[in-house]
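Everything on this sheet refers to the single structure shown next.
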Amino acid sequence: MKIRSFTAGICAGLLAASFVSAMPAAEAAFESPILNGDFESGKTVGWDITGDRCVDIATKNGDCQGTAAMHYWSDKAFKFTAQQEVTDVPDGVYNISVMTQGGGGENSVKLFVDVSGQRKEAAIANTGWNKWQTWTIENVEIKGGKFILGVAVDANAGNWGSFDNFEMVPVK
Ligand SMILES: [Ca+2]
């Protein structure tokens, strides 16, 4: 009886040790400072949306991850930008991403960041309804606690799509 419980204790200890080593402390501690990046609020709160009126919140399966996403559509050609100034960002290097789905056919769809006036972009190309893809701007160095994060769409009449799960992950 004593031997069995001793063995069980070793196994539990090994499991705990391997669990801890699989979770780097920096990643486990990082909380994304992006406000409402997943739109689970059911609103566009946190995002400054400028341009043509074409943006709403989608809540149907396939149009969103989770329960809601930022969605765009118009029966006329349209352009818009949705952006936010992300603050309280610890100095570091990040991979910054967004998930999208949509019908494609826009003139351009871009994920962008602006760090102290330096802009970086990733081109987005949607390939169909509920065909979610992740687009990433890698190795963005941020100092001074803030940057601008956004998406810009230049679209033709009838184009549609969703943005969801804006994320930033520290890479070092
Ligand atoms: Ca969502």
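Under the convention that each Lys and Arg Cβ holds +1 and each Asp and Glu Cβ holds -1, the size of the dipole of region 79-172 around its Cα centre is about 140 debye.
Using a 10 Å cut-off around each Cβ, can you sort Ile34, Ile124 from fewest to most neighbouring Cβ atoms?
Working: Ile34 18, Ile124 21.
Ordered by Cβ neighbours within 10 Å, fewest first: Ile34, Ile124.
Summing charges over neighbours of Thr44, with a neighbour being any other residue whose Cβ is under 13 Å away from its Cβ, gives -3 when K and R count +1 and D and E count -1. Of the cross-linked pairs Lys60/Lys120; Lys79/Lys143; Lys76/Lys120; Lys43/Lys110; Lys60/Lys110, those separated by over 26 Å at the C-alpha level are Lys60/Lys120; Lys79/Lys143; Lys76/Lys120. For region 31-170, the percent of C-alpha pairs falling in each 10 Å distance bin, counted from 0 to the bin holding the largest distance, reads 13, 46, 33, 8, 0.
Rule-based calculations on the coordinates, nothing more; no lab input. All of these numbers come straight from a predicted model, not from anything done at the bench. Quick reminder, even Gly has a Cβ in these numbers, built from the backbone with ideal geometry, and neighbours come from all protein chains shown.
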